[in-house]
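Notes for the one structure printed next.
The values are calculated or read from the model by the stated rules, or taken from the named source; none is laboratory data. Quick caveat, the model's predicted, so the values are computed rather than measured. Using ideal geometry, Cβ is built from the backbone for each residue, glycine included, and neighbour counts are taken over all protein chains shown. Just the protein is used for accessible areas: all its heavy atoms, side chains included, with ligands, DNA and RNA removed. Shrake-Rupley method; radii C 1.70, N 1.55, O 1.52, S 1.80 Å.
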Amino acid sequence: MRKGLILEGGAMRGLFTAGILDVMMENGIVYDGIVGVSAGAVFGCNYKSKQIGRVVRYNMKYCQDKRYCSIRSLLRTGNLYGADFCYRELPETLDIFDIKTYRENPVVFYAVCTDAETGKAVYRRIDRGNGEDLLWLRASASMPFVSRPVKIDGRFFLDGALADSIPLRFFEGIGYDKNVVVLTQPDSYRKPAHRSTRLLRHFVRRFPGLTEALSGRPAMYNETVQYIRRQEEKGAAFVFRPAESLDVGHMEKDPEKLHKVYLEGRRTAERRLGELKAYLEIQ
């Protein structure tokens, strides 16, 4: 039996995921592999580094800091979330990411990115937690229209959610047969058709391979959540999701709102902890 953990993105909705992850870490729940998309990757890597509380701590502390996330950063650098601050200063100095524990933890961690030229998903194994790995994590969370594509080894990458929002099938395909999925939208949510057609046309002129990924994302996402629901009903997956839409913005500046979403994640995990242990066959 191989236990997998699959983490959806969703920007600051990821604080719901952080609450669930902290409860699981506090209860000693161990997985063989983790795959995260966008916020699911940049927040989920703290599971491998075993840093309970780090995600909610730094988000509450820096959410109002213009270096972290701001329109000023977008206008000056092309990135809504400041790349240097988020992926260098924060993990290296302000709230240190535990690279040693990350490397020593045997759980396998993947980040999902989208190849900007092909529009296809890339599942990058993140083993060392160093500068190059943080570049892949940044790429996974680089939302279109508010982030510059990230160049790695001569290719450009963006938000993994464009190509594979919730990679349950990927984990099933590589041998994980006990999978826990953390969603950040309620069961009733379905993604609407893309409305920013002018932005879409401007963006894909440079990367025509993204046309299909961007325009087809709503249908892909909606089909994926239906598949997850079927797997859940068959007992082939265990799914956490919020009971209703989370009241938090993509660039939320209210630390109390972030904390509220985090606590909702904690309550959700605590309420279902017994079910989770039974599913994972943990005593």
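Annotations for the structure displayed:
- Test: residue in segment 212-220 that is more than 20 Å from Ile6 (Cβ to Cβ) and of a type in the set (D, E, K, R): yes
- Search result, residues across segment 233-261 that are without any contact (Cβ under 8 Å) to a residue 12 or more places away in the chain and in a helix (DSSP H, G or I): Glu233, Glu256, Lys257
- When residues in segment 129-152 are screened for being at pLDDT 95 or above and either assigned to a helix (DSSP H, G or I) or open to solvent by 70 Å² or more (accessible area, probe 1.4 Å) (or both), 9 of them pass.
- Residue selected from segment 7-47 under the condition of a type outside the set (D, E, K, R), assigned to a loop (DSSP other than H, G, I, E, B) and within 16 Å of Asn105 (Cβ to Cβ), by the criterion farthest from the chain's Cα centre (by Cα): Gly28
- Any hit, segment 64-79, residues being of a type in the set (Asp, Glu), more than 29 Å from Tyr176 (Cβ to Cβ) and open to solvent by less than 40 Å² (accessible area, probe 1.4 Å): yes
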